[in-house]
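Trainee: What follows is a structure written as structure tokens; I'll ask about it next.
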Amino acid sequence: MEQTKKGRLIIISGPSGAGKGTICAELLKHMPDLVISCSVTTRAPRPNERKDRSYFFVSTETFLEMVRNNELLEYDQHFEHYYGTPKKFVVDMLNFGKDVVLEIDVKGAFQVKQNYKDSILFFIEAPSEQALYERLIKRGTESEDKIQIRIARNKLELAQRHKYDYCIVNDELDRAVNEIITILNERR
């Protein structure tokens with residue numbers, strides 16, 4: 001009987017505005033066997049996000065019930081909202097032999113790494129704090145106060161990057177994506 005290969009867990013994290021979502025979208029274009037896990041959140045959708053595609057948007061009560069029922073691989077609260085990764089989808093995909101990408105925050109990345117030691121952790125960072133600020137402004141989704149909170153959180157997250165397997169500076173999208181693809185192919 002032929003043994004099926006187990007999928008890999010690939011974690012992409014870093015500060016808001018570093019380009020994690022864009023990098024994940026590009027990885028899907030170049031590596032069609034990847035699957036991106038959809039997170040659960042209690043925040044409202046942004047204009048470009050689609051329900052059950054970008055995130056599963058749920059009430060705080062529903063989210064906390066998921067926590068109580070141990071349905072999340074990891075979760076955290078920041079910027080006044082909860083975020084988490086549904087466990088069943090990830091485990092099913094890994095068992096099916098798919099590589100699963102989690103786009104999650106630093107705290108969540110370390111929670112997952114505790115339970116999945118073979119996870120590959122990528123920290124994505126903007127080339128500078130000024131570039132990060134400009135990207136957040138360009139999004140047009142948050143007030144100046146919220147942007148400043150995100151910039152402050154950036155410093156805390158950057159202090160954790162040495163705990164990651166790889167740090168990728170997203171100064172040029174194609175280069176950053178190709179660097180990740182090369183690393184994943186080498187680690188196959």
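Trainee: So which of 122, 96, 79, 110 is hydrophobic (A, V, I, L, M, F, W, C) and at positive phi?
Mentor: On the way: 122 fails: at positive phi; 96 fails: at positive phi; 110 fails: at positive phi.
Checking each option against the conditions leaves just 79.
Trainee: Given the conditions (1) crowded, with 17+ Cβ neighbours inside 10 Å; (2) within 25 Å of residue 182 (Cα to Cα), and given that residue 133 satisfies all but one, which numbered condition is not satisfied?
Mentor: It fails just one condition, (2).
Trainee: Still on this structure: Condition (residue is at pLDDT below 90, farther than 27 Å from residue 139 by Cβ and either hydrophobic (A, V, I, L, M, F, W, C) or not in a strand (DSSP E or B) (or both)) applied to segment 88-109: is it met by at least one residue?
Mentor: No, because not a single residue in segment 88-109 is at pLDDT below 90, farther than 27 Å from residue 139 by Cβ and either hydrophobic (A, V, I, L, M, F, W, C) or not in a strand (DSSP E or B) (or both).
Trainee: Sticking with this structure for a sec: When segment 91-109 is examined, which residues are found to be under 12 Å from the mean Cα position of the chain (by Cα) and either hydroxyl-bearing (Ser, Thr, Tyr) or surrounded by fewer than 20 Cβ atoms within 10 Å (Cβ to Cβ) (or both)?
Mentor: The first filter runs over segment 91-109 and keeps only residues under 12 Å from the mean Cα position of the chain (by Cα), leaving 100-109.
Across segment 91-109, the qualifying residue is only 107.
Trainee: Suppose the filter is touching a residue at least 60 places away in the same chain (Cβ under 8 Å), over 25 Å from residue 46 (Cα atoms) and either out of contact with any Asp or Glu (no Cβ under 8 Å at 6 or more places or on another chain) or assigned to a strand (DSSP E or B) (or both); does residue 124 pass it?
Mentor: Details: touching a residue at least 60 places away in the same chain (Cβ under 8 Å): yes; over 25 Å from residue 46 (Cα atoms): no; either out of contact with any Asp or Glu (no Cβ under 8 Å at 6 or more places or on another chain) or assigned to a strand (DSSP E or B) (or both): yes.
So residue 124 does not fit the description; no.
Trainee: Given the conditions (1) modelled with pLDDT of 95 or more; (2) more than 17 Å from the chain's Cα centre (by Cα), report the number of the one that residue 2 does not fulfil.
Mentor: Every condition holds for residue 2 apart from (1).
Trainee: Given the criterion surrounded by 13 or more Cβ atoms within 10 Å (Cβ to Cβ), more than 19 Å from residue 114 (Cβ to Cβ), under 11 Å from the mean Cα position of the chain (by Cα) and modelled with pLDDT under 90, identify the matching residue among 24, 38. Can you show your working first?
Mentor: Working: 24 fails: modelled with pLDDT under 90.
The match here is 38.
Trainee: Any residue in segment 132-160 that is within 16 Å of residue 79 (Cβ to Cβ) sitting within a Cβ distance under 6 Å of a residue that is exposed (fewer than 14 other Cβ atoms within 10 Å of the Cβ)? List the pairs, counting only those 6 or more apart or interchain.
Mentor: Pairs that qualify, where the first residue is within 16 Å of residue 79 (Cβ to Cβ) and the partner is exposed (fewer than 14 other Cβ atoms within 10 Å of the Cβ), are 141/46.
The values are calculated or read from the model by the stated rules, or taken from the named source; none is laboratory data. Keep in mind that this is a model prediction, so the values were computed, not measured. Cβ atoms come from the backbone with ideal geometry, glycine included; neighbour counts cover every protein chain shown.
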